[in-house]
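Q: Can you keep this structure in mind? I'll have questions shortly.
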Amino acid sequence: MKHPVVDNPLCVEDNLQDSHIAKKFHEIFGSQPTFIASAPGRVNLIGEHTDYNNGYVFPVAIDKYVRVAAQKREDRQVTLHALDINESCEFSLEVPFTSRAAWSKYLIGVAHLLQESGRRLVGMDAVITGNVPLGAG
């Protein structure tokens, strides 16, 4: 099965079916992911904290990344697994969001804001990994 991929040029895995994240997704959820995406980390060479104050910034992609393998669900349940800390988080898109795991608050917040803007989200299973140092912004 070939995966549709949104990938950045910094990723080195050629065969995503045999990739580490796809294997871990299968171990955790018992199926293959239908989507694998990567995003590079970044640093701001100039303009830290000025972008939201109408200032100039100069962000640059770096050789660190975050990768997500995911699969759509038929219900509105979201199950996330952070490989790097071996923790999972589950929540429903039907009820007010609560977070048990500190790392999941950003992801739950994004889902909340998307729904508040009128988008109807569906559930998903996802595995998240990366090599951006934990706590590095």
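Nothing in this text is a laboratory measurement; each read-out follows from the coordinates by a stated rule. All values derive from a computational prediction rather than experimental measurement. So basically every Cβ, Gly included, is an ideal-geometry build from the backbone, and we count neighbours across all protein chains shown.
Q: State, as an integer percentage, the relative contact order of region 56-137 based on alpha-carbon contacts under 8 Å between residues 6 or more apart. Each step should come with its number before you reach the end.
A: Numbers: 112 pairs, mean separation 37.1, N = 82.
Result for region 56-137 is 45 percent.
Q: If you don't mind, there's one more thing I want to ask. Can you give the FRET efficiency to the nearest 0.05 for residue 72 and residue 103, using r as the Cβ-Cβ distance and R₀ = 22 Å?
A: Values: r = 22 Å, r/R0 = 1.01.
Rounded to the nearest 0.05, the efficiency is 0.50.
Q: Right, next: Full-extension gain between residue 61 and residue 113, please, as 0.36 nm times their residue separation minus the C-alpha to C-alpha distance.
A: Working: separation 52, 0.36 × 52 = 18.72 nm, distance 2.59 nm.
Separation in residues times 0.36 nm, less the Cα-Cα distance, equals 16.1 nm.
Q: Checking the a/c ratio against 1.5 first, then a/b against b/c, what shape does the Cα gyration tensor give for region 12-102?
A: Numbers: a/c = 2.62, a/b = 1.42, b/c = 1.85.
Cα axes put region 12-102 in the oblate bin.
Q: Using packing as a proxy for protection, rank 26-33, 53-60, 41-48 so that the peptide with the highest average count of other Cβ atoms within 10 Å comes first.
A: In descending order of packing, they fall as 26-33, 41-48, 53-60.
Q: Also, I was wondering about something else. Between residue 49 and residue 28, how many nm apart are label points set 7 Å from Cα along the C-beta direction?
A: Result for the modelled spin labels: 3.3 nm.
Q: If you line up the Cα atoms of region 94-137 on their principal axes, what length do they span on each, largest first, in Å?
A: Dimensions of region 94-137 along the principal axes of its Cα atoms: 34, 19, 17 Å.
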